[in-house]
1. Could you please find all residues in segment 54-78 being of a type in the set (A, V, I, L, M, F, W, C) and crowded, with 16+ Cβ neighbours inside 10 Å?
2. With respect to the numbered conditions (1) of a type outside the set (Asp, Glu); (2) in contact with a strand residue (DSSP E or B) (Cβ under 6 Å, 6 or more places away or on another chain); (3) at pLDDT below 95, which one is the sole condition not fulfilled by MET88?
3. Give the number of residues within segment 36-87 that are closer than 12 Å to LEU3 by Cβ and in a helix (DSSP H, G or I).
4. Name every residue in segment 95-139 that is of a type in the set (Ser, Thr, Tyr), touching a residue at least 12 places away in the same chain (Cβ under 8 Å) and assigned to a helix (DSSP H, G or I), in order of residue number.
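The values are calculated or read from the model by the stated rules, or taken from the named source; none is laboratory data. Here the structure is a predicted model, which is why all the values come from computation and not from measurement. Cβ sites come from the backbone with ideal geometry, for glycine too, and all protein chains shown count toward neighbours.
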Amino acid sequence: MTLLDFLRDTLALTGTKRACDRGECGACTVHVDGRPVYSCLTLVNGCDGQEIRTIEGLGAAGSPHALQEAFVAEDAAQCGFCTPGQLMAAAALLASNPDPTDAEVVTAMSGNLCRCGTYPKIVRAVRRAAATMRGAARG
């Protein structure tokens, strides 16, 4: 069973989206031990003992993650179908690089496709969230 099927069908965590089912679009991106992976290509039995984080764990009700707020502020989510995967890929990037350049954002996000073509807005949103998160870290 894939991690995607387990998350959606067994745990009813439907924020992770099924799209291509071939690891080509990134809509199903989740974190496994902090690394972004395509859950449609990841077998659930290979995840034993590892920490899995889905879009449901990115922010909390009433307390969205800085990335979620930035995506709204920059209008980066058009149809919204790719947004969970985009957010998870961006969160992994910012965890490893708190101050990415535009080129670094583009490279890190290259495995996540957006049908609506909001790539410039996504880059701005990631950079906005990075700035917000750096400011919060300073106190």
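1. Start the filter on segment 54-78 by keeping residues that are of a type in the set (A, V, I, L, M, F, W, C), which leaves 55, 58, 60-61, 66-67, 70-73, 76-77.
Matches in segment 54-78: ILE55, LEU58, ALA66, LEU67, ALA70, PHE71, ALA76, ALA77.
2. (3)
3. Going through segment 36-87, the residues closer than 12 Å to LEU3 by Cβ turn out to be 37-48, 50, 52-54.
Now narrow it down to the ones that are in a helix (DSSP H, G or I): 44-47.
Count: 4.
4. Going through segment 95-139, the residues of a type in the set (Ser, Thr, Tyr) turn out to be 96, 101, 107, 110, 118-119, 132.
Still in the list and also touching a residue at least 12 places away in the same chain (Cβ under 8 Å): 118-119, 132.
Residues satisfying the conditions are TYR119, THR132.
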